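The values are calculated or read from the model by the stated rules, or taken from the named source; none is laboratory data. What you see is a predicted model; the values in this text were computed from it and never measured. Counting neighbours? That spans all protein chains shown, and the Cβs are built from the backbone with ideal geometry, glycine included. Areas reflect the complete protein model, heavy atoms only, side chains present, ligands, DNA and RNA absent. Shrake-Rupley method; radii C 1.70, N 1.55, O 1.52, S 1.80 Å.
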Amino acid sequence: MKFRNFKMVDYVVYGRGCFDQLDEIIAPKRMSGAPMVFLLDHHFQNDEVFKARIPLRDNDELIIADVTYEPKTSYVDEIAIGLKNKFGQVSGIVGIGGGSVMDLAKATAIMMTNDGLAQDYQGYDLVRKRAVYKVGIPTISGTGAEVSRTCVLTGPTKKLGMNSDFTPFDQIILDPALIKGVPKNQNFYTGMDCYIHCVESLDGTFLNMFSESYGQKALQMCQDIYLKKDIWDDNSDEQLMMASYAGGMSIAYSQVGVAHAVSYGLSYLLGTKHGLGNCIVFNHLQEFYPKGVEEFHRMVDKHQIEIPKGVCANLSEKDFETMIDVSMGMKLLWENALGTNWEEKMTRTRLRMLFEKL
Ligand code: NAD
Ligand code: ZN
């Protein structure tokens, strides 16, 4: 038996208000003439108070990241090529935003040092050279992108991350004050991404005590904030931020499962966002995760969230085939969920029936 030896984030700072330590933290990483680049979620583009707290110095660059759509490889190339043309080299990339901006920051940092196009590195361990210094600062919590070894990108032929030892951030800054006020639906969809990570990890065949210890704690925090508590307070933000971190750590050593495998198919074809897509799928997964889905339904009811239905109603035969191909390609996820003989259990016909239910 060979155990995975995985690269983790190097430095973590956690605490309400710790965002203001950013200047001091990145100072030793600044190289003469090479700017620090801040990728800021477009949600903050007109928030002058927040922007004034970003420690821009000398020729530093602030880029407003458009996350209307989840990050595409072409967008990563556009930013990285633009920076190379303008500055030659940069001191680092700081991503401030939700999972989309964090993934964009990781991918851009990789493309500052690796040749070719971002699409060339979609896959496992394809990145050859160490990325430039990179920092992740979540402003929504749930995806676990702050700790993961991947950055999910939609390319010309696939939706797949750059999964490598060079992908995790060098530094993350976890300031629960930054996620205050995320709109209810968005908070729920991204929070449920974390909840689903936990259910899929804890129920998976890859589970070990490393994953279980993080997964159980994260699951309990999700249950606290989405089921037990009646008001959303500062402590809820603190719990959600740490649940996201712990949920990410849980799947680092295990894997996600059926909801993610199916939702990848959906988002590849329809562009459905990750958190929402997972909710749409998980809503119908009683046969795989009975307890988790029952609890999820109670959370949906309690928070009066609308989960879209009928999203596959008008799709063509070809569309279904495309979704099934993408979903079936997520072999590790299926293996984690259903075991090594998953192909006997999850046939194309069964998967088609599942898509039709959505
Ligand atoms: P997101 O980053 O796509 O952002 C959703 C929306 O919230 C955007 O409109 C954004 O502008 C806005 N927003 C950001 N911060 C806000 C704030 N503080 N207040 C109000 N609005 C705010 O959403 P997400 O769910 O965090 O991330 C989803 C992305 O993460 C997908 O691209 C998915 O593929 C990726 N992902 C990555 C991993 C990984 O391991 N790398 C894991 C899961 C998901
Ligand atoms: Zn997820």
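Here are some notes:
- Cα gyration tensor, region 184-357 - rounded (a/c under 1.5), prolate or oblate: oblate
- Whole-Hz ³J(HN,Hα) from phi, Karplus 6.51 cos²θ - 1.76 cosθ + 1.60, for region 54-64, glycine and proline x: 7, x, 6, 10, 6, 9, 4, 10, 10, 10, 7
- Within the chain, the percentage of alpha carbon pairs spaced more than 33 angstrom apart rounds to 25%.
- Loop trypsin sites (Lys or Arg not before Pro), region 21-122, which have at most 14 other Cβ atoms in a 10 Å radius of their Cβ (DSSP): Arg53, Arg57
- Accessible solvent surface per residue of the chain, calculated while the other protein chains remain in place, 1.4 angstrom probe, Å²: 44 Å²
- Rounded to 5, the percent of DSSP beta bridges in region 48-190 classed as antiparallel: 20 percent
- For region 241-308, the list of GluC sites (Glu not before Pro) that fall in a loop by DSSP and count at most 10 other C-beta atoms within 10 angstrom reads Glu287, Glu306.
- Within region 294-358, the trypsin sites (Lys or Arg not before Pro) that combine a DSSP coil assignment with at most 15 other C-beta atoms in a 10 angstrom radius are Lys309.
- Between the amide H of Val152 and any residue lying 5 or more places away or on another chain, no distance stays under 5 Å, with hydrogens modeled in the peptide plane.
- With all protein chains in place and a 1.4 Å probe, the accessible surface of the chain carries 52 percent carbon and sulfur.
- Estimated at the nearest 10 Å², the accessible area of Cys222 is 0 Å² with a 1.4 Å probe.
- Check: region 286-351 dipole with +1 on Lys, Arg Cβ and -1 on Asp, Glu Cβ, in debye: 140 debye
- Sequence-distant contacts, meaning Cα pairs under 8 Å at least 6 residues apart, place the relative contact order of the chain at 15 percent.
- Cα centroids of region 77-126 and region 307-353: 31 Å apart.
- Within the listed set Leu315, Leu117, Leu207, the residue fluctuating most in the Gaussian network model of the chain (springs between alpha-carbon atoms under 10 angstrom) is Leu315.
- Residue range of the chain that is longest and free of chymotrypsin sites (Phe, Trp or Tyr not before Pro) which are both DSSP loop and sparsely packed (at most 13 other C-beta within 10 Å): 70-358
- Surface accessible to a 1.4 Å probe, His303 within the full protein complex, Å²: 40 Å²
- DSSP beta bridges in the chain [antiparallel fraction, %, rounded to 5]: 15 percent
- Of the residues Ser267, Thr190, Thr139, the one whose Cα sits farthest towards the positive end of the charge dipole of the chain is Ser267 (charges of +1 on Lys and Arg Cβ, -1 on Asp and Glu Cβ, taken about the Cα centre).
- Only Lys, Arg (+1) and Asp, Glu (-1) charged, at Cβ; region 184-357 dipole about Cα centre in debye: 260 debye
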